[in-house]
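Right, one structure below, let's go through it.
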Amino acid sequence: MATLQETLDSLSADASLAQTLEGGAVRCLACGHRCLVRPGKRGVCRVRFNREGRLRMPWGYVAGLQADPIEKKPFYHLLPGATALTFGMLGCDFHCAFCQNWVSSQALRDPASESMGLEVRRITPEEIAEAAVRTRAEAVVSSYNEPLITAEWAAAIFAPARERGRRTAIVSNGNATPEALAFLRPHLDAMKIDLKAMRDATYRKLGGVLQNTLDTIQAARQAGLWVEVVTLLIPGLNDDSQELWDAARFLAGVSQDIPWHVTAYHPDYKYDAARPTGAADLARAADIGQEAGLRYVYAGNLPGMVRELEDTLCPKCRHAVIRRRGYAILEYRLQEGGKCPDCGEILAGIWRDPREVLRNSRSPNPVAI
């Protein structure tokens with residue numbers, strides 16, 4: 001029986017995000033690590049590797065494919081109430097001890113993920129695009145593992161998805177390179193980016209560099225992508241008030257229209273040094289975000305416990321224009337183009353036709369494809 005590494009290596013193709021060097025070595029350009037990969041070796045992510053002087057990358061499979069609410073990503077200003085067809089592969093360039101998708105992300109790094117080989121499913125980009133049509137998904141999203149390390153595969157899917165009128169997005173740790181963003185930009189509408197902390201020492205423990213993520217947030221906005229940012233609030237790790245002020249001020253300095261989601265942590269994987277995040281913790285972080293000038297601040301993972309912090313409020317009149325509970329839309333009052341019905345303010349985002357939102361109410365439960 002093939003090992004997980006043998007299975008994944010057989011499902012690979014030549015990488016576009018690569019630079020050929022002397023002696024058969026290649027420089028990977030997919031993520032901020034910019035790994036120098038010599039023949040027979042692998043990058044930090046473990047899924048991009050050098051075969052006889054050519055960088056190979058994952059291709060032709062998914063380890064997860066399901067239709068679920070776009071709010072789950074979370075995107076709150078990208079087609080609210082829509083279904084997103086979400087696909088994912090295996091591997092990550094980080095090794096976060098608190099990862100909530102570790103079975104997928106830590107494949108080839110953690111032996112406990114070996115069973116993921118049984119979940120791998122061969123598929124083509126056109127089949128995924130057609131699945132989006134079949135499930136009436138208005139967006140196609142790369143998630144579950146880190147999309148940047150499989151950027152070529154995502155672009156191959158996004159192209160036929162856009163031809164079929166679908167929006168496209170990635171859910172990323174933000175450890176991008178300018179080359180990867182330029183490669184994805186023609187095929188991409190939006191990014192959800194994790195801002196895990198505002199201390200480089202914390203990022204180093206997770207396997208990343210803070211500045212890379214900050215640069216990606218700024219570059220994605222400048223490139224015209226719709227960007228939403230998530231901070232998983234972990235007591236004792238990244239919830240210091242000064243650190244939250246630093247995060248909020250940075251985001252507001254890029255754009256006050258960036259939605260900032262502060263979400264609740266629960267012990268998972270190898271990290272149990274912190275208590276679960278409470279509603280009061282989220283409210284404190286949200287208050288800081290609002291005081292820093294961010295127009296749209298949300299609290300997640302504690303549905304029904306954070307009051308209006310699940311809702312979209314008009315930044316001018318402060319009336320609720322979208323009311324939510326968890327991943328479900330309870331009320332949608334935005335008019336066409338994101339216009340507030342009470343004061344006429346245009347809210348930032350990519351909005352649906354309000355009639356579609358009201359007509360297509362659906363269960364928030366995911367549907368495996």
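The values are calculated or read from the model by the stated rules, or taken from the named source; none is laboratory data. As the structure is a computational prediction, the values presented were derived from the model and not from experiment. Glycine gets a Cβ as well: all are built from the backbone with ideal geometry, and neighbour counts include every protein chain shown.
Of the numbered conditions (1) surrounded by fewer than 16 Cβ atoms within 10 Å (Cβ to Cβ); (2) free of Cβ contacts under 8 Å to residues at least 24 places away in the same chain, residue 339 fails exactly one; give the number of that condition.
All conditions are met except number (1).
Can you tell me which residue is surrounded by the most Cβ atoms within 10 Å (Cβ to Cβ) among those in the range 135-165 that are free of Cβ contacts under 8 Å to residues at least 60 places away in the same chain and among the charged types (D, E, K, R)?
Filtering the range 135-165 for residues that are free of Cβ contacts under 8 Å to residues at least 60 places away in the same chain and among the charged types (D, E, K, R), the one surrounded by the most Cβ atoms within 10 Å (Cβ to Cβ) comes out as 162.
What residue, of 29, 78, is among the aliphatic types (A, V, I, L, M), assigned by TED's automatic domain parsing to the domain that holds residue 141 and at pLDDT 95 or above?
78 is the lone residue from the list that is among the aliphatic types (A, V, I, L, M), assigned by TED's automatic domain parsing to the domain that holds residue 141 and at pLDDT 95 or above.
Which residues, counting only those in the range 268-277, are touching a residue at least 12 places away in the same chain (Cβ under 8 Å) and surrounded by fewer than 16 Cβ atoms within 10 Å (Cβ to Cβ)?
Listed by number, the residues that qualify are 268, 270, 271, 273, 275, 276.
Provide a single number: the residues in the range 202-224 that are of a type in the set (Gly, Ala, Ser) and loosely packed, with under 15 Cβ neighbours inside 10 Å. Even if it seems obvious, please write down each step before you answer.
First, pick out the residues of the range 202-224 that are of a type in the set (Gly, Ala, Ser): 207-208, 219-220, 223-224.
If we keep only those that are loosely packed, with under 15 Cβ neighbours inside 10 Å as well, we get 224.
Adding up the residues that qualify gives 1.
Would you mind telling me which numbered condition in (1) crowded, with 16+ Cβ neighbours inside 10 Å; (2) among the charged types (D, E, K, R); (3) closer than 27 Å to residue 235 by Cβ residue 325 fails?
Unmet condition: (1).
Under 8 Å by Cβ, and 6 or more places apart or on different chains, what pairs join a residue from the range 305-328 that is among the small types (Gly, Ala, Ser) with one that is assigned to a strand (DSSP E or B)?
320/312; 320/313; 320/331; 328/69
Applying the selection to the range 238-286, what residues are closer than 15 Å to residue 306 by Cβ and among the small types (Gly, Ala, Ser)?
264, 278, 279, 280, 283, 285, 286
Can you find a residue in the range 214-230 that is of a type in the set (S, T, N, Q) and within 20 Å of residue 98 (Cβ to Cβ)? Walk me through it before giving the result.
Residues of the range 214-230 of a type in the set (S, T, N, Q): 216, 218, 222.
Of the ones still in play, those that are also within 20 Å of residue 98 (Cβ to Cβ) are none.
The answer is no, given that none of the residues of the range 214-230 is of a type in the set (S, T, N, Q) and within 20 Å of residue 98 (Cβ to Cβ).
Mind listing just one residue for me: the one in the range 179-201 that is assigned to a helix (DSSP H, G or I) and acidic (Asp, Glu) and, of those, surrounded by the fewest Cβ atoms within 10 Å (Cβ to Cβ)?
200
Check whether at least one residue in the range 172-193 is touching a helix residue (DSSP H, G or I) at 6+ places or on another chain (Cβ under 8 Å), in contact (Cβ under 8 Å) with a residue 40 or more places away in the chain, in the same structural domain as residue 72 (by TED's automatic domain parsing) and aromatic (Phe, Trp, Tyr), and report yes or no.
yes
For the range 282-312, name all the residues that are surrounded by 19 or more Cβ atoms within 10 Å (Cβ to Cβ) and either over 23 Å from the mean Cα position of the chain (by Cα) or of a type in the set (Val, Ile, Thr) (or both).
288, 292, 297, 306, 312
Which residue pairs have Cβ atoms closer than 8 Å, lie 6 or more positions apart in sequence or on different chains, and pair a first residue in the range 291-304 that is among the β-branched types (Val, Ile, Thr) with a second residue that is part of a loop (DSSP other than H, G, I, E, B)?
Filtered contacts from the range 291-304: 297/259.
What's the total number of residues in the range 1-36 that are under 23 Å from residue 170 (Cβ atoms) and without any contact (Cβ under 8 Å) to a residue 24 or more places away in the chain?
Result for the range 1-36: 3.
Determine, yes or no, whether residue 367 is of a type in the set (A, V, I, L, M) and either closer than 21 Å to residue 190 by Cβ or buried (at least 16 other Cβ atoms within 10 Å of the Cβ) (or both).
no
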